[in-house]
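The values are calculated or read from the model by the stated rules, or taken from the named source; none is laboratory data. Here the structure is a predicted model, which is why all the values come from computation and not from measurement. Cβ atoms come from the backbone with ideal geometry, glycine included; neighbour counts cover every protein chain shown.
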Amino acid sequence: MPEPAPSRFHLPSRKGEASGGRRHPDPCNACKMPVITESANTFGISHLAREFSITARAIRFYEDQGLITPVRTGSGGRVRVYSQRDRARLKLLLRGKRLGLSLQEIRELLDMYETPADTEPQLTRFLEVLDARRESLQQQLVDLTQLLADIDGQRADAEQALRVLQAGGSPAKAAPAPAGSANGAAGADARNAAS
């Protein structure tokens, strides 16, 4: 059975643009916009934006960074047509962003996958990048745990000071220890015991 021909339709770049956000059959006389062909091998910017739940502006940014390279068609090259390669690179790029990798790290990994010769160096480098990211996240976790403990100590001091004030105590006796002081929660308890 022959494969169906690719559908031709207008992909409006903005919601409500002349077309009311609807697709028009070829030719699109209703809005005078160029018509691009989408097949199983090519995609418009709107299609990719919907598929990956990102904005067309984000896709254009990645294009400006040289991470994806669509073919430019239409008058003045204003219409972008993305290939399967661009779609795959965008998918890997977004996966790298979710992992917290920098654009430079993502570029390096994407460029390695352009050479299909030997995957061992590619996988080795990918593991190095992942290990470095994991180490960075572990340090952030340690830092955040310490920060949360500091916040809990300051909160306990402030709650104690508030109870002293509400019980009619002196504001001087109720003042919490300054942030970062050695007194912390124990200092607040010692002040309350002295009163």
* Quick one: Met112 ticks every box in (1) at pLDDT 90 or above; (2) touching a helix residue (DSSP H, G or I) at 6+ places or on another chain (Cβ under 6 Å) except a single one, so which number is it? => (1)
* Failed item, numbered, when Arg80 is tested on (1) modelled with pLDDT of 80 or more; (2) assigned to a helix (DSSP H, G or I) -> (2)
* Please indicate, with yes or no, whether at least one residue in region 128-141 is touching a residue at least 40 places away in the same chain (Cβ under 8 Å) and either surrounded by 13 or more Cβ atoms within 10 Å (Cβ to Cβ) or under 30 Å from Ser46 (Cβ atoms) (or both). => no
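Can you tell which of Thr73, Thr69, Thr37 is modelled with pLDDT under 90, among the β-branched types (Val, Ile, Thr) and under 23 Å from Leu103 (Cβ atoms)? Full working, then the answer.
Numbers: Thr73 fails: under 23 Å from Leu103 (Cβ atoms); Thr37 fails: under 23 Å from Leu103 (Cβ atoms).
The conditions single out Thr69.
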* Hey, does region 48-57 have a residue that's on the phi > 0 side of the Ramachandran plot and either modelled with pLDDT under 90 or more than 12 Å from the chain's Cα centre (by Cα) (or both)? -> no
* Check Leu101 against each of (1) part of a loop (DSSP other than H, G, I, E, B); (2) of a type outside the set (D, E, K, R); (3) under 18 Å from Phe43 (Cα atoms) and name the one condition it does not meet. => (3)
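Inside region 95-123, can you point out the residues that are among the polar types (S, T, N, Q) and surrounded by fewer than 10 Cβ atoms within 10 Å (Cβ to Cβ)? Walk me through how you get there before you give the answer.
Initial filter on region 95-123 (among the polar types (S, T, N, Q)): 102, 104, 115, 119, 122.
If the condition is that a residue be among the polar types (S, T, N, Q) and surrounded by fewer than 10 Cβ atoms within 10 Å (Cβ to Cβ), then Gln104 is the only one that fits.
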* To do: State which residue is surrounded by the most Cβ atoms within 10 Å (Cβ to Cβ) when the search covers only region 49-77 and only residues that are among the aliphatic types (A, V, I, L, M) and assigned to a helix (DSSP H, G or I).
  => Ile59
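Would you confirm, using the coordinates I've provided, whether Arg133 is out of contact with any Asp or Glu (no Cβ under 9 Å at 6 or more places or on another chain) and either more than 30 Å from Arg87 (Cβ to Cβ) or not aromatic (Phe, Trp, Tyr) (or both)?
Working: out of contact with any Asp or Glu (no Cβ under 9 Å at 6 or more places or on another chain): no; either more than 30 Å from Arg87 (Cβ to Cβ) or not aromatic (Phe, Trp, Tyr) (or both): yes.
So Arg133 fails the test.
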* Residue that is in contact with a Lys or Arg (Cβ under 9 Å, 6 or more places away or on another chain) and either hydroxyl-bearing (Ser, Thr, Tyr) or not in a strand (DSSP E or B) (or both), where the choices are Glu120, Glu108 -> Glu108
